[in-house]
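Asks: Before I ask anything, let me first share the structure, which is written out below as structure tokens.
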Amino acid sequence: MRVDLIIKNIGKLVTCKDLGRPKIGKEMNELEIIENAYIAIRDGKVIEIGVEDGYKSIANNYTKIEDAKGLLVTPGLIDSHTHLVHGGSRENEFSKKLASVPYIEILNEGGGILSTVNATKNATEQQLYDKAKKSLDRMLELGVTTAESKSGYGLELETELKQLKVSNKLGKEHPIDLVHTFLGAHAVPVEYKTNHKPFIDEVVNKMMPKVKELGLAEFCDVFCEEGVFTIEETEYILSKAKQMGYKLKIHADEIVSLGGAELAAKLNCTSADHLMAASEDGLKMMAKNNVIANILPGTSFNLNKAYANARKMIDLNVGVSLSSDYNPGSCPSENLQFVMQLGCLGLKMTPYEVLNAVTINAAYCIDRQNEVGSIEIGKKADFVVFDAPNVEYLMYHFGINHVNQVYKNGTLVVDNKHVIYNN
Ligand code: IZC
Ligand code: ZN
């Protein structure tokens, strides 16, 4: 048997084992942890997991053997909600934000998302690529090996396509695998403020078919919020998207309780994201229809808002995932480890729940559960060696990067905390 690589001497191997569906309820607080483990890899995939020196019987002269030095190994982390590709930044709005001017008010004055739309329109493809690549390198150094990436800073065909092309190119060229989402209904351009209909028609009749035809996005998402898109508008856009073959997501009940959770259940969305203001009925409907609750506590932290009620979601058997929401407005940080720490400190989730939420449940959130999210035979050899003695330590010792090494498809891409892949 040919074995390309063996990682031996893993102090604690946390597999985040796939149950064949998202983890819910008490399952979220369960982790399989194998002590003194090794992983064997061939062609970028895991082919064997064992303990102690069992690897000696499968290693041969061609097998590379690496030593994890007794440290903690987890699946590569998955960031299942990002606004990765965009021009510019919004620190010019920071003082307003600190003076408690609401996020939606800044947007309605033509700032916020609309200012990033301008910066994205004015940026070349190369500029967008270089900026997003820098963010991806940071994510990789923090242990992320798969991420979702949304458009939504064009609000017209040409710029939406530009963003999605950059995203797709990065997905092919960067070690982090990307899953692409069309978010044409991210804000209403100023000229359509009093009449959304012609803009929605552009999104549905012009942008969605073209993006689909070019194969640039597999999910469609809408920012459903008071002052942005209503429940009825969101339902219309996403129903059309479903007919065109998109899988669905909603920015739901972030600031105002509009019934986004209920709509996500009705449309069988893969996930509903944010949910700080979601109703209990909506959450129950999500549980029934297997919609993942994708919580973004970095945004609550940054906007100084209440955290989503993760404990209730877990009690109601909703599958919970966590992600960064990395974007230039409400969460200008790529740091998923900080989000994990907020998962404990802000959402009151346990460290085990948090780890399941950024691995296997995050994989379900972007429909990649067959490839990633757990360390198991047949899945991609994506994993992180943390300079930590156990899972709890990752969330307890906050504000620093615990990563030592990152492996993507069985290749070492981060060593000593820095990217080392060739590009
Ligand atoms: O650029 O503000 N919430 N969309 C919805 C965002 C945040 C991104 C942004
Ligand atoms: Zn978002």
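Asks: Counting DSSP beta bridges in the range 78-365, what percent are antiparallel, to the nearest 5?
Replies: Working: 1 of 28 bridges.
Given both bridge residues lie in the range 78-365, the antiparallel proportion sits at roughly 5 percent.
Asks: Using per-residue counts of other Cβ atoms within 10 Å, averaged over each peptide, order 16-25, 205-214 from highest down.
Replies: Numbers: 16-25: 18.1, 205-214: 15.9.
Ranking the peptides 16-25, 205-214 by packing returns 16-25, 205-214.
Asks: Let me ask another. Can you flag which of 23/284; 97/162; 210/288; 165/247; 17/408 are past 24 Å Cα-Cα?
Replies: Working: 23/284 16 Å; 97/162 30 Å; 210/288 33 Å; 165/247 19 Å; 17/408 18 Å.
Checking Cα-Cα distances, 97/162; 210/288 exceed 24 Å.
Asks: Given the range 205-313, report the % of alpha carbon pairs whose separation exceeds 18 Å.
Replies: Details: 2705 of 5886 pairs.
I get 46 percent for the Cα pairs in the range 205-313 exceeding 18 Å.
Asks: Can you give the % of DSSP beta bridges in the range 24-169 that are antiparallel, to the nearest 5? Display every interim value, and only then the final one.
Replies: Numbers: 6 of 9 bridges.
So the antiparallel bridges in the range 24-169 amount to around 65 percent.
Asks: Additional query: Counting just the Cα atoms, what span does the range 78-365 cover along each of its three principal axes? Round to the nearest Å and put the largest first.
Replies: 44, 41, 40
Asks: Which of the peptides 56-66, 107-117, 265-275 is most tightly packed, and how do the rest follow, going by the mean number of other Cβ atoms within 10 Å of each residue? Show your work: numbers first, answer last.
Replies: Details: 56-66: 12.3, 107-117: 19.6, 265-275: 24.1.
So the order, starting with the most tightly packed, is 265-275, 107-117, 56-66.
Asks: I've got another one for you. State, as an integer percentage, the relative contact order of the range 148-194 based on alpha-carbon contacts under 8 Å between residues 6 or more apart. The partial results should precede the final answer.
Replies: Details: 55 pairs, mean separation 23.3, N = 47.
So the answer I get is 50 percent.
Asks: How much accessible area does residue 233 have with a 1.4 Å probe, in Å² rounded to the nearest 10?
Replies: About 40 Å², ignoring ligands and nucleic acids.
Asks: Another question about this same structure. Accessible area per residue for the chain in Å², computed with a 1.4 Å probe and the full protein assembly in place, what is it? Working shown, then result.
Replies: Details: 16410 Å² over 423 residues.
Each residue of the chain exposes 39 Å² on average to a 1.4 Å probe.
Asks: From zero outward in steps of 5 Å, how is the percent of C-alpha pairs of the range 78-200 spread across the bins?
Replies: 2, 11, 20, 20, 18, 15, 9, 3, 1
Asks: Can you list the aspartates and glutamates whose alpha carbon sits under 19 Å from that of residue 379, skipping same-chain ones fewer than 8 residues off?
Replies: Cross-link targets: 4, 18, 32, 43, 48, 79, 148, 177, 367, 371.
Asks: Could you tell me which residue out of 389, 277, 260 lies farthest along the dipole of the chain toward its positive end? Charges go on the beta carbon: Lys and Arg +1, Asp and Glu -1, centred on the Cα centre.
Replies: Of 389, 277, 260, it is 389.
Asks: To the nearest 20 Debye, how big is the dipole of the range 174-308 about its Cα centre, given +1 on the beta carbon of each Lys and Arg and -1 on that of each Asp and Glu? It would help to have the intermediate numbers written out before the result.
Replies: Numbers: 13 positive and 18 negative charges, 63 e Å.
About 300 debye.
Asks: How are the C-alpha pair distances of the range 1-145 spread across 5 Å bins, as whole percents from the shortest bin up?
Replies: Binned Cα distances yield the sequence 2, 8, 12, 12, 12, 11, 9, 9, 9, 8, 5, 3, 1, 0.
Asks: About its Cα centre, how strong a charge dipole does the range 167-227 have in debye, to the nearest 20, once Lys and Arg get +1 and Asp and Glu get -1 at the Cβ? Provide the component values of the computation, followed by the final result.
Replies: Numbers: 7 positive and 10 negative charges, 45 e Å.
Approximately 220 debye in magnitude.
Asks: Compute the signed sum of charges (Lys and Arg +1, Asp and Glu -1) over the other residues within less than 12 Å, Cβ to Cβ, of residue 269.
Replies: Values: positive: 242, 247, 249, 266; negative: 221, 235, 262, 273, 367.
Charge balance in the 12 Å sphere: -1.
Asks: If every alpha-carbon in the range 277-406 counts as one equal scatterer, what log10 I(q)/I(0) does Debye give at q = 0.09, 0.10, 0.13, 0.19 1/Å?
Replies: Normalising to I(0) and taking log10 leaves -0.26, -0.32, -0.55, -1.16.
Asks: Can you give me the C-alpha center-to-center distance between the range 154-205 and the range 38-104, rounded to a whole angstrom?
Replies: 27
Asks: Pick out, in residue order, every one of the chymotrypsin sites (Phe, Trp or Tyr not before Pro) in the range 356-399 that is DSSP loop and has at most 14 other C-beta atoms within 10 Å; say none if there are none.
Replies: Numbers: sites: 364, 383, 386, 393, 396, 398; in loops: 398.
Counting only loop positions with at most 14 other Cβ atoms within 10 Å, the chymotrypsin sites (Phe, Trp or Tyr not before Pro) in the range 356-399 are 398.
Asks: Considering the range 292-347, what Rg and Dmax in Å follow from its alpha-carbon atoms?
Replies: That works out to 10.8, 33 Å for Rg and Dmax.
Asks: Are there GluC sites (Glu not before Pro) in the range 1-59 that DSSP marks as loop and that have at most 15 other Cβ atoms within 10 Å, and which are they?
Replies: Here the sparse-neighbourhood loop sites are 30, 32, 52.
Asks: Then there's this: Relative to the Cα centre, what is the charge dipole magnitude of the range 78-365, using +1 at the beta carbon of each Lys and Arg, -1 at the beta carbon of each Asp and Glu, and rounding to the nearest 20 debye? Spell out each step's value before the answer.
Replies: Numbers: 29 positive and 36 negative charges, 67 e Å.
Here the size comes out at about 320 debye.
Asks: Just name one of 350, 339, 57: the one whose Cα is farthest towards the positive end of the charge dipole of the chain (beta-carbon charges, Lys/Arg +1, Asp/Glu -1).
Replies: 57
The values are calculated or read from the model by the stated rules, or taken from the named source; none is laboratory data. Note that the structure is a prediction, hence the values are computed from the model and not measured. Cβ atoms come from the backbone with ideal geometry, glycine included; neighbour counts cover every protein chain shown. Just so you know, the surface numbers come from the protein's heavy atoms only, side chains and all, with ligands and any DNA or RNA stripped out. Shrake-Rupley method; radii C 1.70, N 1.55, O 1.52, S 1.80 Å.
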